[in-house]
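The values are calculated or read from the model by the stated rules, or taken from the named source; none is laboratory data. A quick note: this is a predicted structure, and the numbers were derived from the prediction, not measured. Every residue, glycine among them, receives a Cβ derived from its backbone with ideal geometry; neighbour counts consider all protein chains shown.
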Amino acid sequence: MLHFPEPFKIKMVEPIRKTSKGERLSILKKASYNLFLIPAEDIFIDFLSDSGTSAMSDSQWAGLMQGDESYAGSKSFYRLEQAVRDIFGFRHFIPTHQGRAAEHILFSTVLRPGDIVPNNTHFDTTRANVELQDAIALDLVEEKAFKPEYIHPFKGNMDLEKLEKTIQEKGPEKIPLCMITVTNNSVGGQPVSIKNIRASKEVLSRYGIPLFVDACRYAENCFFIKEREQGYKDKSVLDIAKELFSYADGATMSAKKDGLVNIGGFLALNSDEIFEKVKQKLILIEGFLTYGGLAGRDLEAMARGLYEALDEDYLAHRIGQVRYLGERLIRGGVTIIQPPGGHAIFIDAKSFLPHIPQKDLPAQALVAELYLEGGLRTSEIGTVMFGKKDATGAVIYPELELVRLAVPRRVYTNNHLDYVAQVIRQVYERREEIRGLRIISESPTLRHFTARFEPLEAAAAAGNK
Ligand SMILES: *Cc1c(COP(=O)(O)O)cnc(C)c1O
């Protein structure tokens, strides 16, 4: 097949600075081996997040100039409303400044202490917002999601048996809503099939429980459906999206992902009763109904971005690019979560650095080494992020030690990806030299953002105190 290049050309450039290895070593030491503490200026390729890091199009930038900044009834709001109605089809919607604000407004309205929210897998902020209401966030993804090298087209699916069992055991009155996250971010950006969403809805309908979609990466999910699910290859991604949302009663959205904007989100739903309540809350904590925590120009960029993210040439490039990077790593012998997801590649750090025990933080050590080798910024999803302590202070280790390479949308070319693959392969060649890290300071919650580390040799030199 003919190799297909990026379906856009570049009109504006943002220089990135390549540093020397010596510079990077001193930058890394200064940041105590925590890449969150490195200024972006000192990063060459930034794969920290795909959230809010997209490149906007010429049309979106033009939209910023046309954004209507009226306090009430902005033209840009109506254009966004049109886009949301057209694609998502729900009766009501409110704009929010990002996804977690939509989550907070929804959950603080519908949940009561002790309630249960099933999800295929909760994203961190979704879980935190459920727990903030003293409710319980349950992850019911199918077991195959936990086998890194197991290949399945829809590894993000909800486990229907677990779902039904949960409802029967806990009682439907304890479950004000169920959520499905597309793509399933926390298990590697793995898609959910239409069949699974339809079947989940059937189970929920029997018990009168509404279904909400965590829709952040719905366009990527719908592209996977077109590629992989029987009966969908001749449907447009827009029509697939419409079908997907037709099974739901509402959705929360972070437009910082598949809205192709740097800030923005919304909550959309059908229930008149819930809408009346969330409207009041929006005014209280975000802003008036027709701007909700955003400038008119942001609403305009979001309205345009939502359509652009459904463009199938763009999606083929987008999904293809992540897959391209994954294939190059596999070819170099690196173990990754299979198959590559929609927005990121996850390297299995345990098999990359088998000589580093989990207590010496192999995934964090690899993140630091990739920066040192080539100025890459990636993120640790392992013991630093998820390690917990039991009552005796002993560490409970997570199952997986992963390094995430989240690819921003429309930002890097395949040349950049070739460079990234090369850097990782070079580090892989000399992996035996890499040593673990230890934590020298940490905060009690969300420690990965601020923890400080030092390499183990240094600790040994200082008398292993
Ligand atoms: C990013 C994300 C959110 C939260 O959105 P923000 O815009 O970051 O607040 C919720 N769910 C999923 C699956 C996400 O990826």
- request: Quick one: Ile330 ticks every box in (1) more than 16 Å from the ligand (Cβ to nearest atom); (2) surrounded by 24 or more Cβ atoms within 10 Å (Cβ to Cβ); (3) not in a loop (DSSP other than H, G, I, E, B) except a single one, so which number is it?
  value: (2)
task: Of the numbered conditions (1) more than 30 Å from Leu64 (Cα to Cα); (2) touching a Gly at 6+ places or on another chain (Cβ under 7 Å), Lys235 fails exactly one; give the number of that condition.
output: (2)
- request: Considering every residue within region 166-176, establish whether at least one is within 16 Å of the ligand (Cβ to nearest atom) and modelled with pLDDT of 95 or more.
  value: no
message: I'd like the full set of residues that are basic (Lys, Arg) and either surrounded by 15 or more Cβ atoms within 10 Å (Cβ to Cβ) or in contact with a Cys (Cβ under 6 Å, 6 or more places away or on another chain) (or both), limited to region 159-175.
response: Lys162, Lys170, Lys174
statement: Those residues of region 333-362 which are of a type in the set (Gly, Ala, Ser), assigned to a helix (DSSP H, G or I) and surrounded by fewer than 21 Cβ atoms within 10 Å (Cβ to Cβ) amount to Ser351
query: Is it true that Gly293 is within 13 Å of the ligand (Cβ to nearest atom) and at pLDDT below 95?
result: yes
- prompt: Does any residue of region 387-401 turn out to be crowded, with 22+ Cβ neighbours inside 10 Å and under 17 Å from Thr335 (Cα atoms)?
  reply: yes
query: Exactly one of (1) surrounded by 23 or more Cβ atoms within 10 Å (Cβ to Cβ); (2) assigned to a strand (DSSP E or B) is unmet by Gly156. Its number?
result: (2)
- request: Scan region 87-129 for residues that are more than 23 Å from Gln190 (Cβ to Cβ), away from the ligand (no atom under 12 Å from the Cβ) and assigned to a strand (DSSP E or B) and jot them down.
  value: His92, Phe93, Ile94, Pro95, Ile116
statement: A careful count of residues in region 414-435 that are farther than 17 Å from Gly333 by Cβ, under 27 Å from the mean Cα position of the chain (by Cα) and surrounded by 14 or more Cβ atoms within 10 Å (Cβ to Cβ) gives 4
query: Quick one: which of Pro153, Pro148 is modelled with pLDDT under 95, more than 16 Å from the ligand (Cβ to nearest atom) and under 21 Å from Phe346 (Cα atoms)?
result: Pro148
Which numbered condition Leu289 misses (of (1) touching a residue at least 24 places away in the same chain (Cβ under 8 Å); (2) over 22 Å from Ala215 (Cβ atoms)): (2)
task: Mind checking which helices (runs of 4 or more DSSP H) fall wholly inside region 188-279 and carry at least 3 residues that are away from the ligand (no atom under 16 Å from the Cβ), among the charged types (D, E, K, R) and within 22 Å of the chain's Cα centre (by Cα)?
output: 218-228
